[in-house]
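A.B. asks: Sharing a structure here in structure tokens format.
Since every read-out is calculated from the coordinates, none of them should be taken as a lab result. Note that the coordinates shown come from a computational prediction; the quantities given were computed from them, not determined experimentally. Glycine also receives a Cβ, built like all others from the backbone with ideal geometry; neighbour counts cover every protein chain displayed.
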Amino acid sequence: MRLQKSFVKSINRVKKMKSKSDDKINIYALPKGWVWVKLGEVAEIISGVSFKPEQLCKHDVENVRILRGGNIQNDDYFLLEDDYFVPKNIVSDDQLLRKYDIILVSSTGSKQAIGKAAIIKEELNNLSVGAFLRIIRIY
């Protein structure tokens, strides 16, 4: 319920905004008072963590768990036994997942996986996404 309220607040902020978009794309009519905006005007899009195989390390409270496309199923995310872990020093603060972030599979070898998404519903520690995923963080 709190997640829904937060999401509704975000949507209400978007509805009150004036679009900065120069190129108006009107796919369909919007409700009165709404405007079309580009995603980048209301949210930050953050790339996932890139790492080399030799940077993988064991599960430890100091290391960061990396979510991949397989962690996202049915609009939710799951921690798996075979998740990767990397040292915290190769992950920027912006790449650490926060409550209400949306994680999105943006590229992969599977057409079925593209576009899978999940919302982070709780505060988490040392969790990020791999390079084929994106974090969408509402302003």
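A.B. asks: What FRET efficiency comes out for the pair Glu54/Leu30, r = Cβ-Cβ distance, R0 = 41 Å, nearest 0.05? Before the final figure, lay out the partial values.
C.D. replies: On the way: r = 50 Å, r/R0 = 1.22.
Calculated value: 0.25.
A.B. asks: Cut-off under 19 Å on the C-alpha distance; same-chain residues fewer than 8 positions from Lys111 excluded. Which aspartates and glutamates are left, in chain and number order?
C.D. replies: Cross-link targets: Asp75, Asp76.
A.B. asks: In whole Å, what three semi-axes, largest first, describe the equivalent ellipsoid of segment 66-139 built from its Cα gyration tensor (square root of 5 times each eigenvalue)?
C.D. replies: Values: eigenvalues 63, 42, 28 Å².
Equivalent-ellipsoid dimensions as semi-axes: 18, 14, 12 Å.
A.B. asks: Amide H of Lys121: which non-local residues (sequence gap of 5 or more, or other chain) have their own amide H closer than 5 Å, using H built in the peptide plane?
C.D. replies: Long-range HN contacts for Lys121: Tyr100.
A.B. asks: Gap in Å between the Cα centre of segment 122-139 and the Cα centre of segment 34-66?
C.D. replies: Cα centroid to Cα centroid, the span is 5 Å.
A.B. asks: Once both labels are modelled 7 Å past Cα along the beta-carbon direction, what's the Arg137-Leu79 spacing in nm?
C.D. replies: 2.1
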